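Novice: One structure follows; several queries about it will come next.
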Amino acid sequence: MQELGLNKAYIKKALDKPEQFTQMQELGLNKAYIKKALDKPEQFAQMQALGLNKAYTQKAFDNPEQFAQMQGLGLNKTYTQKAFDNPEQFANNYQKLLKLHTVYNSIVSKVKKNEFDVHGFGGGNTITLDGEQKTVPRGISKIWSEITDEHGNFKLMDDVDSALKNSKSQANNRKSSRGATVVSIFFGSYRDPKLKKAYNEISQSFD
């Protein structure tokens, strides 16, 4: 600590968080970034949980507001690094990403509560969530594929405008009721009131 030239206050902080201080040293952070990490131990813990290396940890401390936004979107290590590599693009797309993340959270919640009923033959597609395969209506699966990766993580899309447009189109095209007939039920095109409501909620997220 003395070699780093830390003053008494920061030495106390380091002694209070010995494990974190060791992590800071192992990353090779210099005095300035160690002080930032000691001042914001919760943020540093988030960076460590993601597994960010020295370069990206420094970027996170240099751009705390953007890092908080990335955390709010639940971006994993890969997408956090991608966002830091393209900070202007991330900033420009942030509000759109927020809308898509709201949709993501809505779908996750409904899947976990088993609120999606799949009707008929071929009425649903499989998605991955928390390492498990779940069957959801086809429209929901198409929206899901726009906003998540193969593991079901919310992703940082290469083309956010396209993902937003396609997701909104799916919701708008499917929010109206489709009557229950023998044919519609058999082929899975029937939309019950609960599913219609879900598409309406998704559609409103884009307004």
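Novice: Failed condition for ALA60, given (1) touching a strand residue (DSSP E or B) at 6+ places or on another chain (Cβ under 8 Å); (2) under 18 Å from PHE44 (Cα atoms); (3) surrounded by 20 or more Cβ atoms within 10 Å (Cβ to Cβ), with all others met?
Specialist: (1)
Novice: Now for a different question. Within region 18-52, take every residue that is basic (Lys, Arg) and surrounded by fewer than 17 Cβ atoms within 10 Å (Cβ to Cβ) and give me the one that is farthest from TYR79 (Cα to Cα).
Specialist: Among them, the one singled out is LYS31.
Novice: Give me the residue from region 128-143 that is in contact with a helix residue (DSSP H, G or I) (Cβ under 7 Å, 6 or more places away or on another chain) and in contact (Cβ under 8 Å) with a residue 40 or more places away in the chain and, out of that set, surrounded by the fewest Cβ atoms within 10 Å (Cβ to Cβ). Break it down stepwise before answering.
Specialist: So the first thing to find is which residues in region 128-143 are in contact with a helix residue (DSSP H, G or I) (Cβ under 7 Å, 6 or more places away or on another chain), and the list is 129, 134, 136-137, 139-140, 142-143.
Keeping just the survivors that are in contact (Cβ under 8 Å) with a residue 40 or more places away in the chain gives 137, 139-140, 143.
Values: PRO137: 24, GLY139: 21, ILE140: 28, ILE143: 28.
It comes out as GLY139.
Novice: Another question about this same structure. Going by what's in this entry, would LEU27 be described as modelled with pLDDT of 95 or more, over 20 Å from LEU156 (Cβ atoms) and among the hydrophobic types (A, V, I, L, M, F, W, C)?
Specialist: The answer is yes for LEU27.
Novice: Looking for something closer than 18 Å to ASP149 by Cβ, among the hydroxyl-bearing types (Ser, Thr, Tyr) and without any contact (Cβ under 8 Å) to a residue 40 or more places away in the chain - is there at least one such residue anywhere in region 80-101?
Specialist: Checking region 80-101: at least one residue is closer than 18 Å to ASP149 by Cβ, among the hydroxyl-bearing types (Ser, Thr, Tyr) and without any contact (Cβ under 8 Å) to a residue 40 or more places away in the chain.
Novice: Out of curiosity, is ASN63 out of contact with any Gly (no Cβ under 7 Å at 6 or more places or on another chain), without any contact (Cβ under 8 Å) to a residue 40 or more places away in the chain and under 22 Å from LYS17 (Cα atoms)?
Specialist: The answer is no for ASN63.
Novice: Also, I was wondering about something else. Residue pairs, Cβ under 7 Å, 6 or more apart or interchain, first in region 38-53 and over 11 Å from GLN71 (Cβ atoms), second in a helix (DSSP H, G or I) and aliphatic (A, V, I, L, M). List them.
Specialist: From residues that are over 11 Å from GLN71 (Cβ atoms), the pairs are LEU38/ALA14; PHE44/ALA37; LEU52/ALA60.
Novice: Just wondering, is there one or more residues in region 5-24 that are on the phi > 0 side of the Ramachandran plot and either modelled with pLDDT under 95 or of a type outside the set (Gly, Ala, Ser) (or both)?
Specialist: Yes, there is a match, as at least one residue in region 5-24 is on the phi > 0 side of the Ramachandran plot and either modelled with pLDDT under 95 or of a type outside the set (Gly, Ala, Ser) (or both).
Novice: For the list (1) surrounded by 13 or more Cβ atoms within 10 Å (Cβ to Cβ); (2) over 24 Å from the mean Cα position of the chain (by Cα), I need the number of the one condition that GLU3 fails.
Specialist: Status for GLU3: all satisfied but (1).
Novice: I'd like the full set of residues that are among the small types (Gly, Ala, Ser) and under 20 Å from ILE143 (Cα atoms), limited to region 64-117.
Specialist: If the condition is that a residue be among the small types (Gly, Ala, Ser) and under 20 Å from ILE143 (Cα atoms), then GLY74, SER106, SER109 are the ones that fit.
The values are calculated or read from the model by the stated rules, or taken from the named source; none is laboratory data. Please read all numbers here as calculations on a predicted model, not as lab measurements. When we count neighbours, we look across all protein chains shown, and the Cβ atoms used for this are built from the backbone with ideal geometry, even at glycine.
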